Amino acid sequence: MDAVKRYFRSPAAVAGLILLLIVIAMAISAGWFYPRDPLALAGRPLVWPFSNPRFLLGTDNSGRDIAAQIFYGARISLLIGGVATAIAILIGILVGAFAGYYGGWVDNVLMRITEAFQTLPNFVLLLVLVAVFGSTLTTVTIAVGVVSWPAPARLTRAEFLSLRNREFVQAGRTLGMKNIQLIFREILPNALPPVIVYASVVMAVAILLESALAFLRLSDPNVASWGNLIGLGRDVLRVQWYVSAIPGIAILVTVLAVSLVGQGLNDALNPRLKGR
Amino acid sequence: MRILSLAGRRLAASIPTLVLILIGVFLLLQFAPGDTVDAMMAQMGGGDAATAKELRKFYGLDLSIPAQLGNYLWRLVRLDLGFSSIYGKPVASVILERLPPTILLMTASLSFAFFFGLVFGVIAARGVNRWPDTLISTLGLVFYATPSFWFGLMAIVVFSVYLQWLPPGGFEDIGTMRTGIWRVFDIASHLVLPTLTLGLIFLAIYLRIMRASMLEVLNLDYVRTARAKGLDETRVVTRHVLRNALLPMVTLIGLQAGTMLGGSVVVESVFSLPGLGRLAYESVVQRDLNTLLGIVFVSALLVISVNFVVDLIYARLDPRITAEA
């Protein structure tokens, strides 16, 4: 309860939470406000924002409603960001837990693999994965998750290294608990908080990675994604710069909200480190 | 000398990592739809099955996958990256042509981010929780959340389309043949916007780390001693605090080298710079898998060499590291 109170005492954390709730609300209400397909033709192309009450944020090069694409794009960004983060955290926890708990050759092998993933630039690996498996919503989401796990793995491993010889673990061992039980029932719950906080960083990066991929037209072209819209707007950048500008602001606000919430959680859970 | 041997040992330890990456990506690319020969046949405008078989035999693609992998690694030892059917040249020379703009861009962005991250981090830490700190920290958060390609596009709109101060893309003006110092100025003016675009997110990261690390070091006993000795605040910061506070920043260069290379893929595409990142993007679009594998090799090599240099700088900044070895 103290942590909740501390969270709401920080204006930045509250602002982040409000922004995040707005984005989530947009994602949920997209079908409500814009029942039609956001990628369907809606009107004349390149209508400027605020010039036609029917299209509050204007239309893009092919006459599709930008506001509708922003609302549906919130869905895609949160979906890809959320699922990819879950994948990355899951792999990271498994790898980190086994490496940290068992040590020795298990640790050696797993850390070598982690190092390999960290040495290869993650966006380059993402390009390779997309080149091999194609760019549908599912493959892109999995690919973003697969390139993002090394940092959570290292974090989990560090936590396990410091926890594995604590008294409560030794007590569990004396009681005859198996390794798997010790890892997942005893140590993991204690190692989890910093990893969960770090998930916000992973999610922020995941949203940015997907939007960059979409901007390069290597993500799924059949969904309304903010990155896709920025890439489209690039063709008319010289005059109708708003086509690219608007979805970029949406990405910025979402990533900012996720980072602020993460930082707020971090300060609330580790009050000693506040201000760092 | 000891510094060198220490860093050298770290370098040797990264060779298995490199081999692991190559084997992994090589096997991964076996799942890709279509091989080099398919790409070549498409380039030639189609051909019959017999030619395809002949070509596959010529490039060793009819062998089993382990044999192909063995061949590939053996060729790599001799620094032969294979042949790019799209560019009609050896992959090594294609990559070599594209390397200078990327290295230039990365060095410029890193210097920009490091220098201003340091300065802003120090200013923020000196006025912690007062308005300069709040302003700088807020800007840092916003920069961190800004998608680089979007910032690049907006910079083009403002500085190239409206103000017409800087060129919107390319590496140099090909229309006018410039030589010597004028060519340097020309390339520099083309690199201003890409450098800012790529450096922005790293500026945000560096200033945050610098601020935290300054706050950490400013509380240490030896800093109090330096103050008690009667040194003025500027001397304390520049001569005593900075050196120790810089350590995490230097670590970060090594950690972020890969991210920066990845970011240059996007930035080079925005500003149509003929660099390694753009080559990576093109080879994905054109399904030039030989070149893609070559880029994977070279970028891993680049990250490893940056980390080697970081180790050297690190040991120079902190003599304890060599003493412990």
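The values are calculated or read from the model by the stated rules, or taken from the named source; none is laboratory data. Worth saying up front: this structure is predicted, and the values here are computed from it rather than measured. Cβ sites come from the backbone with ideal geometry, for glycine too, and all protein chains shown count toward neighbours.
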(message) Anything in the stretch B:104-115 that is in contact (Cβ under 8 Å) with a residue 40 or more places away in the chain and either on the phi > 0 side of the Ramachandran plot or out of contact with any Pro (no Cβ under 9 Å at 6 or more places or on another chain) (or both)? List them, or say none.
(response) B:104, B:106, B:110, B:112, B:113, B:114
(message) When you check residue B:61 against the structure, is it within 27 Å of residue A:139 (Cβ to Cβ) and more than 14 Å from chain A (Cβ to nearest Cβ), yes or no?
(response) yes
(message) Checking the structure you have, find out if any residue of the stretch A:123-140 is within 14 Å of chain B (Cβ to nearest Cβ), in contact with a Lys or Arg (Cβ under 9 Å, 6 or more places away or on another chain), without any contact (Cβ under 8 Å) to a residue 12 or more places away in the chain and among the aliphatic types (A, V, I, L, M).
(response) yes
(message) Please verify whether residue A:163 is out of contact with any Phe, Trp or Tyr (no Cβ under 6 Å at 6 or more places or on another chain), over 30 Å from residue B:289 (Cα atoms), more than 14 Å from chain B (Cβ to nearest Cβ) and aliphatic (A, V, I, L, M), treating the condition exactly as stated.
(response) yes
(request) Pick out, from the stretch A:161-257, the helices (runs of 4 or more DSSP H) lying fully within it that include 3 or more residues that are of a type in the set (A, V, I, L, M) and buried (at least 17 other Cβ atoms within 10 Å of the Cβ). (result) A:188-215, A:226-233
(request) Looking for whichever is within 14 Å of chain A (Cβ to nearest Cβ), out of contact with any helix residue (DSSP H, G or I) (no Cβ under 6 Å at 6 or more places or on another chain), modelled with pLDDT of 90 or more and within 28 Å of residue B:186 (Cβ to Cβ) here; the options are B:154, B:106. Which one fits? (result) B:154
(message) Can you confirm whether residue A:73 is within 18 Å of residue A:196 (Cα to Cα) and surrounded by 19 or more Cβ atoms within 10 Å (Cβ to Cβ)?
(response) no
(request) Please find, within the stretch B:218-251, the residue that is farthest from the chain's Cα centre (by Cα) out of those that are within 14 Å of chain A (Cβ to nearest Cβ) and either outside any helix (DSSP H, G or I) or surrounded by fewer than 20 Cβ atoms within 10 Å (Cβ to Cβ) (or both). (result) B:219
